[in-house]
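Following: one structure in structure tokens, then a few remarks.
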Amino acid sequence: MKKFIVFFILILAGSHIATAQELDRLMEEVAKNEKAQRQVVDKAMLGASMAQAQAQDPTGELKSKMPSFMQKIDSIQVVTLEEDAPDTRNMVLDNLNSFKDDDIYSTLVRVKDGEDNVRIIAKKNGKTVSDVYIFVMDEDDIVLVKMSGRLEQSDLEDIVKEQTKNKK
């Protein structure tokens with residue numbers, strides 16, 4: 001019986017690890033395309049970029065419009081593919097269609113409108129969210145974003161609002 005319980009726990013732990021690796025691996029696979037661009041921005045670069053942008057804004061409007069969750073982001077990884085790549089597009093769609101929510105990963109938004117696909121997935125770490133994955137595909141582009149930090153429920157609502165306001 002003990003062997004069965006240990007085996008069951010190992011299977012559950014393995015499935016959570018596989019899910020995490022699945023989303024990160026999906027981003028890595030898209031980044032392997034020779035026409036893809038990958039950028040990683042750490043907290044220091046984010047802070048410097050925001051400070052510079054605010055310094056160049058004489059109206060102060062940028063600071064007032066900056067979503068509060070941006071202060072909680074530790075890093076952002078972005079992978080873009082702006083060329084028509086049907087094999088990559090099909091691979092991304094297959095992975096997202098087969099992705100299943102569980103007690104660690106949950107889909108916040110899923111929108112499909114013709115060729116436009118948006119999916120936002122949160123990775124929970126206790127009561128906070130450690131990663132937010134944003135997958136956007138339209139007829140021409142694929143954009144995959146991973147934001148890492150210590151986010152709360154209100155931050156997730158702000159992220160969803162930011163990502164969906166142009167889709168209405």
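Would you check if ASP141 is touching a Leu at 6+ places or on another chain (Cβ under 9 Å), surrounded by fewer than 17 Cβ atoms within 10 Å (Cβ to Cβ) and either modelled with pLDDT of 85 or more or under 15 Å from GLU29 (Cβ atoms) (or both)? In short, yes. State whether one or more residues within the stretch 79-88 are under 28 Å from GLN153 (Cβ atoms) and at pLDDT 80 or above. For the stretch 79-88, residues under 28 Å from GLN153 (Cβ atoms) and at pLDDT 80 or above: present.
Restricting the first member to the stretch 87-110 and to residues that are among the acidic types (Asp, Glu), and the second to residues that are not in a strand (DSSP E or B), the beta-carbon pairs closer than 8 Å and six or more apart or on different chains are ASP102/SER15; ASP102/HIS16; ASP102/THR19.
Of the residues VAL111, VAL30, VAL92, the single one that is farther than 20 Å from LYS124 by Cα, in a strand (DSSP E or B), open to solvent by less than 80 Å² (accessible area, probe 1.4 Å) and hydrophobic (A, V, I, L, M, F, W, C) is VAL111. Is it the case, given these coordinates, that ARG110 is over 26 Å from GLN153 (Cα atoms) and modelled with pLDDT under 90? When the stated conditions are applied, ARG110 does not pass them. A count restricted to the stretch 114-138 and to residues that are closer than 19 Å to GLN71 by Cβ and either open to solvent by less than 50 Å² (accessible area, probe 1.4 Å) or of a type in the set (Lys, Arg) (or both) stands at 8. Looking at ASP74, ASP24, ASP42, can you tell me which residue is in contact with a Gly (Cβ under 9 Å, 6 or more places away or on another chain), at pLDDT 80 or above and either surrounded by fewer than 17 Cβ atoms within 10 Å (Cβ to Cβ) or of a type in the set (S, T, N, Q) (or both)? Going through ASP74, ASP24, ASP42 in turn, just one is in contact with a Gly (Cβ under 9 Å, 6 or more places away or on another chain), at pLDDT 80 or above and either surrounded by fewer than 17 Cβ atoms within 10 Å (Cβ to Cβ) or of a type in the set (S, T, N, Q) (or both): ASP74.
The values are calculated or read from the model by the stated rules, or taken from the named source; none is laboratory data. Every value quoted in this text rests on a predicted model; they were computed, and no experiment measured them. Every residue, glycine as well, gets a Cβ built from its backbone with ideal geometry; the counts of neighbours run over all protein chains shown. Heads up: the accessible areas ignore ligands, DNA and RNA and are worked out on the full protein's heavy atoms, side chains in. Shrake-Rupley method; radii C 1.70, N 1.55, O 1.52, S 1.80 Å.
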